[in-house]
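Undergrad: Okay, handing you the structure first.
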Amino acid sequence: QIRIKAGEMMKAQLRIEGLQVGTKSKEILKDIDLIVPERTVTAIIGMSGCGKSTLLHSLNQTLGDGVQIRGGKIFLDDRDISGMDVGELRKKVGLIGQQPTVFPFSLMNNMLYALNYHRKGTTLQRRETAVEALKAAGLYDEVKDMLDSPAGSLSGGQQQRLCIARALALDPQVLLLDEPCSALDIKSTLRIEETLKKLKDRCAVLIVTHNLSQAKRLADYVVYMEKGQIIERRTAEDLFSHPEREETKTYLSYIQ
């Protein structure tokens, strides 16, 4: 448990200790220590190439070829993920990328694809789970009359929320998002942000963003990374108003 405010204790949904990630010839992440509390949104900011996306992909073991964890530990709800089945881990730690990846099926069959594999019960029960996830992602009212239509016919923002709904259907403990709004207009971006604010009551949310305004609107905590290291991690209000480290101050003055 970690102390967030005076008298308030929150459970660490994710705990990272001394994480080192790299290739045979290059170090990408260096001694990463980080706690992600439950029921919070944590935003990761920093220049391109500083290791933000690599950190996300480390958390559900979707690192690219030749990139591997070289040291340290990652705990999900106090359980070392190195001992978990990869399929189980990716169900509990969902990852949403920059570009929505919808399957060439109907919207409902997109939702049922993972549910048919991971969930027992009747087809009706799985469809009910899918509908509840679409509602949680703030999408159902927009698509309830087109559940059998191709998912590719949705707008970009709707496709991204469909990807979020697919992950939610498996009841994750953590939702990872890597620049999920980078290709979206402001209207779609704000809808996704509103969805994520509501979702933190059911899972911890960790989002990589270059959009500082988005981090300010959305995050409870902000992590600033530079050259593969975490430089500073504070509440969003404190980091943006009173950064402690000179590196953070320089970045914020440069980017704002």
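The values are calculated or read from the model by the stated rules, or taken from the named source; none is laboratory data. Computed from a predicted structure; not experimentally measured. Quick reminder, even Gly has a Cβ in these numbers, built from the backbone with ideal geometry, and neighbours come from all protein chains shown. Keep in mind that these areas ignore ligands, DNA and RNA; they rest on the heavy atoms of the full protein, side chains included. Shrake-Rupley method; radii C 1.70, N 1.55, O 1.52, S 1.80 Å.
Undergrad: If I filter region 195-218 for residues that are in contact with a helix residue (DSSP H, G or I) (Cβ under 7 Å, 6 or more places away or on another chain), part of a loop (DSSP other than H, G, I, E, B) and of a type outside the set (Phe, Trp, Tyr), do I get at least one hit?
TA: For region 195-218, residues in contact with a helix residue (DSSP H, G or I) (Cβ under 7 Å, 6 or more places away or on another chain), part of a loop (DSSP other than H, G, I, E, B) and of a type outside the set (Phe, Trp, Tyr): present.
Undergrad: A follow-up question, please. Of Ser53, Ser48, Ser82, which residue is more than 30 Å from Val143 (Cβ to Cβ), in contact (Cβ under 8 Å) with a residue 40 or more places away in the chain and under 20 Å from the mean Cα position of the chain (by Cα)?
TA: Checking each option against the conditions leaves just Ser48.
Undergrad: Output the qualifying pairs, or none if there are none: Cβ atoms under 8 angstrom, residues six or more apart or on different chains, first residue in region 25-37 and open to solvent by 50 Å² or more (accessible area, probe 1.4 Å), second residue among the acidic types (Asp, Glu) and in a strand (DSSP E or B).
TA: Asp33/Glu17
Undergrad: Would you confirm, using the coordinates I've provided, whether Lys187 is touching a Pro at 6+ places or on another chain (Cβ under 6 Å) and either without any contact (Cβ under 8 Å) to a residue 60 or more places away in the chain or of a type in the set (Asp, Glu) (or both)?
TA: On the way: touching a Pro at 6+ places or on another chain (Cβ under 6 Å): no; either without any contact (Cβ under 8 Å) to a residue 60 or more places away in the chain or of a type in the set (Asp, Glu) (or both): yes.
Criteria not met by Lys187.
Undergrad: Another one. Taking region 103-139 as the search range and keeping residues that are among the β-branched types (Val, Ile, Thr) and either at pLDDT 95 or above or open to solvent by 90 Å² or more (accessible area, probe 1.4 Å) (or both), which one is nearest to Leu170 (Cα to Cα)?
TA: Out of the qualifying residues, it is Thr129.
Undergrad: Please determine, by comparing only the residues of region 148-158 that are open to solvent by 10 Å² or more (accessible area, probe 1.4 Å), part of a helix (DSSP H, G or I) and among the small types (Gly, Ala, Ser), which one is nearest to Gln99 (Cα to Cα).
TA: Among residues in region 148-158 that are open to solvent by 10 Å² or more (accessible area, probe 1.4 Å), part of a helix (DSSP H, G or I) and among the small types (Gly, Ala, Ser), the one nearest to Gln99 (Cα to Cα) is Gly156.
Undergrad: If Asp145 satisfies all but one of (1) touching a residue at least 24 places away in the same chain (Cβ under 8 Å); (2) more than 20 Å from Gly46 (Cβ to Cβ); (3) assigned to a loop (DSSP other than H, G, I, E, B), what's the number of the condition it fails?
TA: Only one criterion is unmet by Asp145, namely (1).
Undergrad: Separate question: Is it true that some residue in region 118-140 is of a type in the set (Lys, Arg), assigned to a helix (DSSP H, G or I) and either touching a Lys or Arg at 6+ places or on another chain (Cβ under 8 Å) or at positive phi (or both)? Give the steps one after another, and end with the answer.
TA: Step one: list which residues in region 118-140 are of a type in the set (Lys, Arg), which gives 119-120, 126-127, 135.
From what is left, the residues that are assigned to a helix (DSSP H, G or I) are 126-127, 135.
This time we only want the ones that are either touching a Lys or Arg at 6+ places or on another chain (Cβ under 8 Å) or at positive phi (or both), so: 126.
Yes, that holds for at least one residue.
Undergrad: Buried (at least 19 other Cβ atoms within 10 Å of the Cβ) and either more than 20 Å from Ala215 (Cα to Cα) or touching a Leu at 6+ places or on another chain (Cβ under 8 Å) (or both), is that true of Ile44?
TA: Spelling it out, Ile44 is indeed buried (at least 19 other Cβ atoms within 10 Å of the Cβ) and either more than 20 Å from Ala215 (Cα to Cα) or touching a Leu at 6+ places or on another chain (Cβ under 8 Å) (or both).
Undergrad: Okay, moving on. Can you name the residue in region 47-60 that is in a loop (DSSP other than H, G, I, E, B) and among the polar types (S, T, N, Q) and, of all such residues, is surrounded by the most Cβ atoms within 10 Å (Cβ to Cβ)?
TA: For region 47-60, the residue satisfying everything is Asn60.
Undergrad: Looking at (1) within 18 Å of Asn110 (Cβ to Cβ); (2) surrounded by fewer than 21 Cβ atoms within 10 Å (Cβ to Cβ), can you tell me which one Pro180 breaks?
TA: Among (1) within 18 Å of Asn110 (Cβ to Cβ); (2) surrounded by fewer than 21 Cβ atoms within 10 Å (Cβ to Cβ), Pro180 violates only (2).
Undergrad: Can you report the number of residues in region 219-253 which are without any contact (Cβ under 8 Å) to a residue 60 or more places away in the chain and either assigned to a loop (DSSP other than H, G, I, E, B) or within 23 Å of Leu170 (Cβ to Cβ) (or both)?
TA: Qualifying residue count for the region: 4.
Undergrad: Taking Ser82 and the conditions (1) more than 21 Å from Asp178 (Cα to Cα); (2) surrounded by 15 or more Cβ atoms within 10 Å (Cβ to Cβ), which numbered condition does it fall short on, given that it satisfies the others?
TA: Condition (2) is where Ser82 drops out.
Undergrad: For Leu29, work out the one condition from (1) in a loop (DSSP other than H, G, I, E, B); (2) over 22 Å from Thr195 (Cα atoms) it doesn't fulfil.
TA: (1)
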